[in-house]
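Undergrad: Shown below is the structure under consideration.
The values are calculated or read from the model by the stated rules, or taken from the named source; none is laboratory data. What you are looking at is a predicted structure, and each value in this text was computed from that prediction instead of being measured. Using ideal geometry, Cβ is built from the backbone for each residue, glycine included, and neighbour counts are taken over all protein chains shown.
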Amino acid sequence: MSDWRIYRGAGVPHDGVRALPDPPPWRDFTREGDAARRLGAQRRLVENLHPRTEEVEAVNAALCLRRPLLVTGNPGTGKSTLAHAVAYELGLGPVLRWPIVSRTALKDGLYHYDAIGRLQDVQLDRAVGGGPPHTPAERPPIGSYVRLGPLGTALLPPDSAPDSAPDSAPDSTSDSAPDGAPPPPRVLLVDELDKSDIDLPSDLLNVLEEGEFTIPELERIADREPVTEVLTADGGRAAIESGRVRCSVFPFIVLTSNGERDFPAALLRRCIQLELKPPGPRQLAAMVAAHLGEEALAEGGELVERFLQREPGQVIATDQLLNALFLTQRATGAERVTRDRLAEMLLRPLDRPR
């Protein structure tokens with residue numbers, strides 16, 4: 001029996017889970033903010049990731065032109081991590097993340113109005129108080145039931161954005177800009193846009209082009225409540241005037257896609273396009289060192305070489321390699337055949353037929 005295993009499959013209860021080792025750095029949710037998990041515990045090594053020239057140029061083009069960056073590539077090539085790397089290097093604060101699923105609609109990214117919750121609170125107050133219905137002035141403020149989505153929060157002008165976010169990375173630079181310089185943009189990651197239904201990419205066009213949207217529930221009351229304080233996606237509050245959100249600084253938006261579908265030409269022309277290739281030896285070595293340290297890189301050279309020498313077209317994600325390096329080096333008491341079996345299981349190609 002290998003001493004690294006916690007679950008033994010013997011059917012006899014025991015307290016071995018108390019000996020469960022610390023999680024991999026990229027699965028440690030006690031860390032403050034996403035940057036430590038995404039970029040590695042040793043984030044100072046991010047500067048050594050050696051991004052390719054075309055990657056750096058595409059990011060700078062998107063920043064300068066105020067256009068979204070559409071990043072495509074195989075799973076595990078670092079598409080999502082790119083947004084965190086840019087935010088970390090430029091001190092742009094925590095990344096707003098909008099994960100896309102097949103049911104996601106544009107409104108999910110802009111805002112949500114909890115009409116049912118507001119009605120329930122009104123009815124509860126009435127039941128507890130036992131009095132007549134609330135007058136308009138006595139009703140719960142509508143702003144407490146409006147929460148901006150990730151896209152809506154990213155489009156907030158700096159003067160209405162929350163002062164701080166609880167998820168802010170401790171080493172982020174200040175939001176303040178030098179006199180005369182434009183304030184820094186927020187960073188928004190729209191993850192796996194190709195998972196959406198057929199309408200969402202087209203629905204995004206107007207918002208991405210105009211940089212604004214309206215909240216009808218707040219527009220209707222603008223005559224008696226011209227400024228409404230609402231909740232934001234990152235746990236803060238923002239003041240909305242006349243029910244309209246209009247950006248003054250276009251956010252740095254990263255749209256990721258695994259290439260499972262084509263996008264309309266109208267969206268493509270509004271984006272800077274970048275195809276991320278699998279990491280080469282230098283990028284891979286820096287990534288392993290940033291997450292696991294130089295010692296892990298030296299000890300796991302065989303697995304790193306196996307990853308680099310995979311068959312052409314074979315899809316193996318970099319986080320599979322990190323998982324294999326972490327676990328095989330933890331299983332120090334296991335036999336060589338066991339460690340090989342673990343590596344085989346964890347490095348199984350994603351495109352291999354089942």
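Undergrad: Can you tell me which residues in region 239-271 are among the aliphatic types (A, V, I, L, M), surrounded by fewer than 21 Cβ atoms within 10 Å (Cβ to Cβ) and part of a strand (DSSP E or B)?
TA: Ala239
Undergrad: For region 105-149, enumerate the residues that are at pLDDT 85 or above, part of a helix (DSSP H, G or I) and either over 30 Å from the mean Cα position of the chain (by Cα) or within 19 Å of Ala239 (Cβ to Cβ) (or both).
TA: Leu110, Ile142, Gly143, Ser144, Tyr145
Undergrad: Among the residues of region 201-216, are any more than 23 Å from the chain's Cα centre (by Cα), β-branched (Val, Ile, Thr) and surrounded by 17 or more Cβ atoms within 10 Å (Cβ to Cβ)?
TA: Yes, the conditions are met somewhere in region 201-216.
Undergrad: Here is a further query. Would region 282-293 turn up any residue that is part of a loop (DSSP other than H, G, I, E, B) and of a type in the set (Lys, Arg)?
TA: no
Undergrad: Another question about this same structure. Considering every residue within region 338-350, establish whether at least one is in contact (Cβ under 8 Å) with a residue 60 or more places away in the chain and either surrounded by 14 or more Cβ atoms within 10 Å (Cβ to Cβ) or closer than 30 Å to Glu212 by Cα (or both).
TA: Scanning region 338-350, I find at least one residue that is in contact (Cβ under 8 Å) with a residue 60 or more places away in the chain and either surrounded by 14 or more Cβ atoms within 10 Å (Cβ to Cβ) or closer than 30 Å to Glu212 by Cα (or both), so the answer is yes.
Undergrad: Tally the residues that are of a type in the set (A, V, I, L, M, F, W, C), touching a Phe, Trp or Tyr at 6+ places or on another chain (Cβ under 7 Å), at pLDDT below 85 and assigned to a helix (DSSP H, G or I), restricting the search to region 294-345.
TA: Result for region 294-345: 0.
Yes/no per residue for (1) of a type in the set (S, T, N, Q); (2) farther than 16 Å from Leu90 by Cβ; (3) at pLDDT 85 or above; (4) touching a Ser or Thr at 6+ places or on another chain (Cβ under 7 Å):
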| position | (1), (2), (3), (4) |
| --- | --- |
| Asp3 | no, yes, no, no |
| Ile6 | no, yes, no, no |
| Pro24 | no, yes, no, no |
| Arg27 | no, yes, no, no |
| Val46 | no, no, no, no |
| Thr53 | yes, yes, yes, no |
| Ala62 | no, no, yes, no |
| Asn74 | yes, yes, yes, no |
